Amino acid sequence: MPAFFAPSVARLIEELCKLPGIGPKTGQRLAMHLVDRPREEIRDLADALMDVKEKVGHCSTCRNLTDSDPCDICADGSRDRTVVCVVEDPSDVVAMERTRQFDGLYHVLHGLISPMDGVGPEQLQIQPLLNRLRSDESDRIEEVILATDPTVEGEATAMYLGRLLGPLGVEVTRIARGLPEGGNLDYADEATLVRALEGRRRVNLNSERQ
């Protein structure tokens, strides 16, 4: 970091730049903004960060982020427990919930299969999903919706999961192409997600192309 920044400011910029999507210029702007904020506001931010780190973990059922176990969605008895929607990360759960059209349960993979990045199935939360389907209550789950992004990694993950889950006796479906090629669920508007859900199709396990 250039010497014209005070050491404490330079350190703050370096820490901010470790966040995803934050480059040097954005880091500098955020640092300058924080320096100008009242002490109480900075303390509140620091407290919020520590609170999240100390209290938030993964739901033992769906692997979503939560400060209670099971999470509020898994614990909600009014949800349709026969359908599980598989998504990449917690932000996708938020996107799906915004539609107010899906009332089933979720399973969060925390990533996608990406050999180029060294991410294989063993790095994802796939085994907990299999455990849910094989548990004593597995007969209650009738459909698994694969709602990974329509990217190369998302399609590869959906194909892998489709072939893995199909023999377990559940219907495996894939969200429709309401999302643009290469798009992300958490950036899609509610209407697009609703169309993608309503138009979901059964996964063809015998086809090389989905």
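The values are calculated or read from the model by the stated rules, or taken from the named source; none is laboratory data. Here the structure is a predicted model, which means the values were calculated and not measured. For neighbour counting, all protein chains shown are included, and Cβ atoms are generated from backbone atoms with ideal geometry for every residue, glycine included.
Things to note:
- Residue match in the stretch 88-111 (condition: touching a His at 6+ places or on another chain (Cβ under 7 Å) and either exposed (fewer than 11 other Cβ atoms within 10 Å of the Cβ) or assigned by TED's automatic domain parsing to the domain that holds VAL170 (or both)): yes
- So ALA75, is it surrounded by 12 or more Cβ atoms within 10 Å (Cβ to Cβ), over 25 Å from PRO121 (Cβ atoms), free of Cβ contacts under 8 Å to residues at least 40 places away in the same chain and in contact with a Pro (Cβ under 9 Å, 6 or more places away or on another chain): no
- Test: residue in the stretch 48-64 that is farther than 30 Å from GLY154 by Cα and either touching a helix residue (DSSP H, G or I) at 6+ places or on another chain (Cβ under 9 Å) or surrounded by 13 or more Cβ atoms within 10 Å (Cβ to Cβ) (or both): no
- Count of residues meeting criterion [in contact with a Leu (Cβ under 6 Å, 6 or more places away or on another chain), touching a residue at least 40 places away in the same chain (Cβ under 8 Å) and not aliphatic (A, V, I, L, M)] in the stretch 103-141: 2
- Selection of the stretch 80-105 for residues being in a loop (DSSP other than H, G, I, E, B), under 21 Å from LEU161 (Cβ atoms) and of a type in the set (D, E, K, R) yields ASP80, ARG81, GLU88, ASP89.
- Residue under evaluation THR192, criteria (1) at pLDDT 90 or above; (2) of a type in the set (Ser, Thr, Tyr); (3) over 16 Å from the mean Cα position of the chain (by Cα), criterion not met: (1)
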